[in-house]
Amino acid sequence: MTKKTYLRRLAGEADKLFAGRSIEQYGAICYRRSQGQEGIEILLITSRDSGRWVIPKGWAMDRKLPHQVAEREAWEEAGVKGKARKKRFGYYTYLKVLATGETVPSVVQVHLLEVAELVDRFPERGQRQLQWFSPHEAAALVREPELKSLLRRVGAALEPDK
């Protein structure tokens, strides 16, 4: 029996995506400047259900712009205080399992967020693990191919002339 790869599972849901039966979310690639070789570190968090490495993300909120939603989700899920860039950094698609058990493609608009502070008290404290990684380590740990690509590009996007 052949195990379905993540890409094969995503491709199997493409009809929903093309029919407009997808959901939209907003996420943050939280980063800080470090003294290490790469100069940039990325904060990943674990998902509450499977424990896999992800970035903070969530649903649209009334009267909040996408970058503001990304900031809010970063605070709720990881205790991150900082400013997200208004301009989106990119998108990635993943399969969201709803409470009903239905699988729906989710398109996540991603914003870069420079971490100014990590606070100890936040809504989802104790429900997730948080860890800093180099962009390439972070890319190797996430499952979604498009998110891997975004994480690998963070360093270049933050160079002074960009």
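The values are calculated or read from the model by the stated rules, or taken from the named source; none is laboratory data. Since this is a predicted model, take the numbers as computed values, not measurements. So basically every Cβ, Gly included, is an ideal-geometry build from the backbone, and we count neighbours across all protein chains shown.
Could you look through the stretch 144-162, keep only residues that are assigned to a loop (DSSP other than H, G, I, E, B) and within 16 Å of ALA28 (Cα to Cα), and pick out the one that is modelled with the highest pLDDT? Applying the filter and picking the extreme gives GLU144. How about the stretch 78-95: which of its residues are among the charged types (D, E, K, R), surrounded by 14 or more Cβ atoms within 10 Å (Cβ to Cβ) and within 18 Å of LEU150 (Cβ to Cβ)? Once the filter is applied, which keeps residues that are among the charged types (D, E, K, R), surrounded by 14 or more Cβ atoms within 10 Å (Cβ to Cβ) and within 18 Å of LEU150 (Cβ to Cβ), the stretch 78-95 yields ARG85, ARG88. Counting only residues that are more than 14 Å from GLY27 (Cβ to Cβ) and touching a strand residue (DSSP E or B) at 6+ places or on another chain (Cβ under 9 Å), which one in the stretch 41-50 is modelled with the highest pLDDT? Going through the qualifying residues, I end up with THR46. Within the stretch 96-127, if we keep just the residues that are of a type in the set (D, E, K, R) and free of Cβ contacts under 8 Å to residues at least 40 places away in the same chain, the residue that is surrounded by the most Cβ atoms within 10 Å (Cβ to Cβ) turns out to be GLU102. Of the strands (runs of 3 or more DSSP E) lying entirely inside the stretch 26-101, those containing at least 1 residues that are of a type in the set (Ser, Thr, Tyr) span 40-46, 90-97.
Could you please find all residues in the stretch 51-106 being of a type in the set (Lys, Arg), under 14 Å from the mean Cα position of the chain (by Cα) and modelled with pLDDT of 95 or more? Those that are of a type in the set (Lys, Arg), under 14 Å from the mean Cα position of the chain (by Cα) and modelled with pLDDT of 95 or more: LYS57, ARG72, ARG88.
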